[in-house]
Amino acid sequence: MDKKNNIEELQTRFHGAILQVQRFGKTGLNCIWVETKRLREVALGLRNDFGYVFLENLSVMQIDDALVLTYFLRSLVHNTYSDCLVLRVSVHLKKSENQIEVPSIAKLWETARPFENESGELFGIRYLNEDGTEQTVSGAKLPSGWSGYPLRKDYVFPRTFKGIRHERSWADKETGGRT
């Protein structure tokens, strides 16, 4: 089945869940924007019925007041680059201290677990299992006692953490760029 028919079949099967289909960047890859609440349902269909059996990557970025989650799925049926599909969801940030809830897909693709753990820690995303419980985050990136989500645009790094001075931006602000 060609890509166009796949997209049409997805839109029919998951009526209302597919919000937009577009080209991903300058590539010829299809990018499908999905309603966040139906992410797991669409992902399950892509894996079981469309052959996207491998999650290659999950990335998160903040654009204005939203977090955009991008899932790169690969079909190993033909084992070519064009058998990659980009799945995207976005979640509005109401307040920077609020955590965001997104369905976890780690039970569909085990490779999602470290990506979800990392983005959970760094962006404050709570990945929820099917029963509504939160997936356990392992603490892989941030040290014990860290407060806040350092990859959000409004995060302000502390001057010190556990007695260690943070030099990233304080020196520039205090000296006008001179060291």
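The values are calculated or read from the model by the stated rules, or taken from the named source; none is laboratory data. If you're wondering where the values come from, they're calculated on a predicted model, not measured in any experiment. Heads up, the Cβs are rebuilt from the backbone with ideal geometry, glycines too, and the neighbour counts pull from every protein chain shown.
For Lys94, are the conditions met, namely being closer than 30 Å to Val21 by Cβ, among the charged types (D, E, K, R), assigned to a loop (DSSP other than H, G, I, E, B) and at pLDDT 80 or above? Even if it seems obvious, please write down each step before you answer.
Details: closer than 30 Å to Val21 by Cβ: yes; among the charged types (D, E, K, R): yes; assigned to a loop (DSSP other than H, G, I, E, B): yes; at pLDDT 80 or above: no.
It is false that Lys94 is closer than 30 Å to Val21 by Cβ, among the charged types (D, E, K, R), assigned to a loop (DSSP other than H, G, I, E, B) and at pLDDT 80 or above.
In the set Thr27, Thr12, Thr36, which member is within 14 Å of the chain's Cα centre (by Cα) and either of a type in the set (Ser, Thr, Tyr) or surrounded by 13 or more Cβ atoms within 10 Å (Cβ to Cβ) (or both)?
Details: Thr27 fails: within 14 Å of the chain's Cα centre (by Cα); Thr12 fails: within 14 Å of the chain's Cα centre (by Cα).
Exactly one residue qualifies, and that residue is Thr36.
Is it true that some residue in the stretch 141-149 is surrounded by 15 or more Cβ atoms within 10 Å (Cβ to Cβ), at pLDDT 85 or above and of a type in the set (D, E, K, R)?
No; the residues of the stretch 141-149 include none that is surrounded by 15 or more Cβ atoms within 10 Å (Cβ to Cβ), at pLDDT 85 or above and of a type in the set (D, E, K, R).
Filter the stretch 100-152 for residues that are hydroxyl-bearing (Ser, Thr, Tyr) and either part of a loop (DSSP other than H, G, I, E, B) or farther than 22 Å from Thr70 by Cβ (or both) and give the result. Break it down into steps so the answer makes sense when it comes.
Within the stretch 100-152, the first condition is being hydroxyl-bearing (Ser, Thr, Tyr), and the residues that meet it are 104, 111, 119, 127, 133, 136, 138, 144, 147, 149.
Once the filter is applied, which keeps residues that are hydroxyl-bearing (Ser, Thr, Tyr) and either part of a loop (DSSP other than H, G, I, E, B) or farther than 22 Å from Thr70 by Cβ (or both), the stretch 100-152 yields Ser104, Thr111, Thr133, Thr136, Ser138, Ser144, Ser147, Tyr149.
Starting from the stretch 108-126, take each residue that is on the phi > 0 side of the Ramachandran plot and list its partners that are crowded, with 19+ Cβ neighbours inside 10 Å, counting only C-beta distances under 7 angstrom and pairs at least six apart or across chains.
Short answer, once both residue conditions are applied: Gly124/Ile100; Gly124/Tyr149.
Looking only at the stretch 39-54, count every residue that is surrounded by fewer than 17 Cβ atoms within 10 Å (Cβ to Cβ) and of a type in the set (Phe, Trp, Tyr) and tell me the total.
So the count comes out to 1.
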